[in-house]
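Following: one structure in structure tokens, then a few remarks.
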Amino acid sequence: MQNFITIISQILEKVLMFAMLAIVLTVTWQVFSRFILQSPSSYTEELARFILIWIGILGAAYAYKTKAHLGLDIFVDRMAPPAKRKTRIVIEIMVIIFAMSVMVYGGTLLVTMNIELKQTSAALGLNMGLVYSAIPLSGVLITIFGCNNIVQLLNNDVANNNVSKGEM
Amino acid sequence: MDMTAIVLLVSFFILLFLNVPVSICIGLATLLSLVMHMDFTPAATTIAQQMAGGIDSFALLAIPFFILSGLVMGQGGIAKRLIECAMALIGSLPGGLALVNVMSCMLFGAISGSAVAATSAIGSFMVPEMKKHGYSAEFGAAVTASAATTGMLIPPSNILIIYAIASGGVSIAALFVAGYLPGILVGLALMTVCSLYAIKHKYPVSARLPLSVTLEKVLAALPSLLLVFIVIGGIIGGIFTATEAGAVAVLYALALSVGIYKEIKVDQLPALFLKACETTAIVMLIIGASSAMSWLLSYTHIPQTISEFFLMLSDNPLVVLLLINLILIVVGAFIDMTPAVLIFTPIFLPVAEQLGMSPIQFGIMIVLNLSIGLVSPPVGSVLFVSCAVAKTSIHKIIKPMLPLYAVMFLVLMLVTYVPAISEALPRFFGLIG
């Protein structure tokens, strides 16, 4: 199980690093093509927007794994360890409920709807279902990470880290 | 108020107090309220659609770029040069080191958009330096934290981009220019407190540096400050959009820290990219979830209900605006700035516009107001980072913070009731009518 988690989070990290590099290069190319080549590129803006959706949605799964999401920890921090552990399990379940219902279920419907209706983007002609497929994918990853967190919480007596932290 | 609003509010706060990530709180509360109006399947699909749609914006692309350039500048030796420049310019005034701290935070804010980055980059150098010269760690931490918030107003500023989206299309260029005067006003107000504090406690005043040294330090900081002219000049001059300016800022910061200062190695870059992805994703998930929530709000006409309620309480703009400010200060103490701007802009902006306030002025007001929340307990993120950097505790920092809160509130009142502070500069540059 732990090996599996490590492998998918390593792939996730690589994809995100590459996406960030790609987004910088895409917009740089847009500026370059307009000023130096005098022929503004027509597809860079759309491409960059789609990469941002992928960074935002897939990155959300990564930030969940690294426990970097913003939250209010003042009350949970004052709880006794057993209560804190139970609360943490409840939090993980809440996150999984959201990931399963909105991201996996709603997201999959959104993807299939766009594929069936052949909704394509204006410049690249990409099917929007493909763009939106980041949502169910991220939902599945969040569910996997969340289940893994619950297993660890059940095995461990001490609740070390909070699910989210108060820092940006 | 109707049932939907109550379900939305109650479920949001229960989840928030449980320490569920704030983006998930917004998403789940929206889902719960939406199933009161439609079946589960269309509700879940709508939220998924709104999440992706909310992120799908070219203007939002500026955010990962300013996050990445801020990370690079924090580690790339740029902060150090800004501090030395400020030291050479105002270090010999009464309370010199505290003033240098404020000015360095403002300069850092002028090239990056993150108050937390400014706090750790400037504070980790300035607080020990202030301690060495007899200032208390608490005072150093208080000054750093409050000064770092000026970066929220001084462009480039991610929160102003987020506000531009939340308000439904206020010009980012106009907002950026509008932020300068209020940001500088806050900085000057904080500096005044610092000087008075230093005179009262008879802190030593350092000698003036010879002119040649001053010039040398200013010159060393020029390449960093040149970024301001490229980014902001380019946006105001209409040469490029805020997003394109962000990409240029990333390249410039990389060229400076990797190529010229050589303080970041090429093999450190993937980790910086990943960190920028993480921070971007946190913000984007909040934006996506909030956009689903504001869809729900307008679907159920909640903003109109709240707007009517406020205007029923009083038709005096002075009273209503004060009330909005007080509510936002309480909100800001509990909820981070990004979700607070996204949640409360669609609710309060219509009220403010009814009272004749422009969306530009409202944007500056809400950001300045929530900046106070960034440095107030119980959850002020900047305050916590500052305490950690200064190795002091939240209990001790409150006393030196009090006069700083007072002047921040004073400037907030000025910004609320004097439109010219926010609107004069954008009008001068022809960015608003």
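Some observations on this one:
- Residue ID - least open to solvent (accessible area, probe 1.4 Å), chosen from residues in the stretch B:197-214 that are assigned to a helix (DSSP H, G or I) and touching a helix residue (DSSP H, G or I) at 6+ places or on another chain (Cβ under 8 Å): B:198
- Checking residue B:337 against (1) among the hydrophobic types (A, V, I, L, M, F, W, C); (2) touching a Leu at 6+ places or on another chain (Cβ under 6 Å); (3) open to solvent by 50 Å² or more (accessible area, probe 1.4 Å), the condition it does not meet: (3)
- The lone exception for residue A:76 - which of (1) among the aliphatic types (A, V, I, L, M); (2) open to solvent by less than 30 Å² (accessible area, probe 1.4 Å); (3) more than 17 Å from the chain's Cα centre (by Cα); (4) within 30 Å of residue B:59 (Cα to Cα) it fails: (4)
- Flag if residue A:159 is modelled with pLDDT of 95 or more and within 12 Å of chain B (Cβ to nearest Cβ): no
- Among helices (runs of 4 or more DSSP H) entirely within the stretch B:276-385, having at least 1 residues that are modelled with pLDDT of 90 or more and closer than 23 Å to residue B:31 by Cα singles out B:337-354.
- Tabulated pairs, the stretch B:39-50, first at the interface with chain A (Cβ under 7 Å from one of its Cβ atoms) and open to solvent by less than 50 Å² (accessible area, probe 1.4 Å), second among the hydroxyl-bearing types (Ser, Thr, Tyr) and in a helix (DSSP H, G or I), C-beta under 7 angstrom, 6+ apart or interchain: B:44/A:101; B:44/A:105; B:47/B:30
- Test: residue in the stretch B:3-13 that is at pLDDT below 90, among the hydroxyl-bearing types (Ser, Thr, Tyr), buried (at least 18 other Cβ atoms within 10 Å of the Cβ) and over 25 Å from residue B:246 (Cβ atoms): yes
Table: residues versus (1) over 21 Å from the mean Cα position of the chain (by Cα); (2) assigned to a helix (DSSP H, G or I); (3) at the interface with another protein chain (Cβ under 9 Å from one of its Cβ atoms); (4) touching a residue at least 60 places away in the same chain (Cβ under 8 Å).
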site	(1), (2), (3), (4)
A:48	no, yes, yes, no
A:60	no, yes, yes, yes
A:64	no, yes, yes, yes
A:83	yes, yes, no, no
A:89	no, yes, no, yes
A:94	no, yes, yes, no
A:98	no, yes, yes, no
A:102	no, yes, yes, no
A:108	no, yes, yes, no
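- Criterion: open to solvent by less than 10 Å² (accessible area, probe 1.4 Å), in a helix (DSSP H, G or I) and modelled with pLDDT of 90 or more - qualifying residue of B:53, B:109, B:151: B:151
- Extreme residue, nearest to the other protein chains (Cβ to nearest Cβ), among residues of the stretch A:15-32 that are open to solvent by 10 Å² or more (accessible area, probe 1.4 Å) and under 17 Å from residue A:141 (Cβ atoms): A:17
The values are calculated or read from the model by the stated rules, or taken from the named source; none is laboratory data. No experiment lies behind these values; they were computed from the predicted model shown. Neighbour counts are summed over all protein chains in view; Cβ atoms, including those assigned to glycine, are modelled from backbone coordinates with ideal geometry. Side chains included, ligands, DNA and RNA excluded: accessible areas come from the protein's heavy atoms. Shrake-Rupley method; radii C 1.70, N 1.55, O 1.52, S 1.80 Å.
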